[in-house]
Amino acid sequence: MAKIFCVANQKGGVGKTTTSVNLAAGLAKLNQRVLLVDLDPQGNATMGAGINKAELEASIYQVLLGEADVSAARLRSESGRFDVLPANRELAGAEVEMVALDNRERRLKEALAKVDADYDFILIDCPPALSLLTLNGLCGAHGVIIPMQCEYYALEGLSDLVNTIKKVHANLNTDLRIIGLLRVMFDPRMTLSQQVSSQLEQHFGDKVFKTIIPRNVRLAEAPSYGMPGVVFDPSSKGAQAYIAFGAEMVERIKTM
């Protein structure tokens, strides 16, 4: 049975897609069977995994509307050695079309249940909004990974996300929990980064992952080559950090 995790934060530009793609590749390097679900209409995770979103015959859009199964829509990331349920701009229309459908919050959960046995991990890259798409991700997941920059605005948005997760847990998905907070794009030279990092550790304790992802140019360059950063430059500090994060995830779920 696959462990299903959302990578979520309603703030944009905090490294959700970078985390999703590189965690998928990092877990694949640890011989885990991984499916990456791109739930963002921008399709950045699809492109970052080396798949052309303009040439998709089927995508998560058709899966959510019940027009295709995951097994028919998924594609292989050859560079990352994991499977991808891809997305493109079509997905933006899914929210409107899903409103009239039965069980609209659980469409993704029902679709993933059919391929559950094929994977060890299913990672869901959520869009930067608390939308019906994100709600589908939260309803389908066992837990949430929250990537965070160590800055003031990130703390402001965190309380909204935590409240949303609590509501989903209470009303729609009692399995849902916060797996952990991942500090990303971390610059140890900035006093504010260190202060916010300390605040997170004080407030959330062991919910804060030990691994810290540094700000890293090679991670930022990798998507333009259609590769995860851990494949593009395995020796870079960012890649090494994501591989360490993958190992930490494998250890953490053993205690769940």
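The values are calculated or read from the model by the stated rules, or taken from the named source; none is laboratory data. Remember, predicted model here, so these are calculated numbers, not experimental data. Heads up, the Cβs are rebuilt from the backbone with ideal geometry, glycines too, and the neighbour counts pull from every protein chain shown.
Of the helices (runs of 4 or more DSSP H) entirely within segment 106-193, those holding at least 2 residues that are modelled with pLDDT under 95 occupy 132-140, 152-171. No other residue among VAL63, VAL34, VAL70 is β-branched (Val, Ile, Thr), surrounded by fewer than 24 Cβ atoms within 10 Å (Cβ to Cβ), in contact with a Lys or Arg (Cβ under 9 Å, 6 or more places away or on another chain) and touching a residue at least 12 places away in the same chain (Cβ under 8 Å) apart from VAL70.
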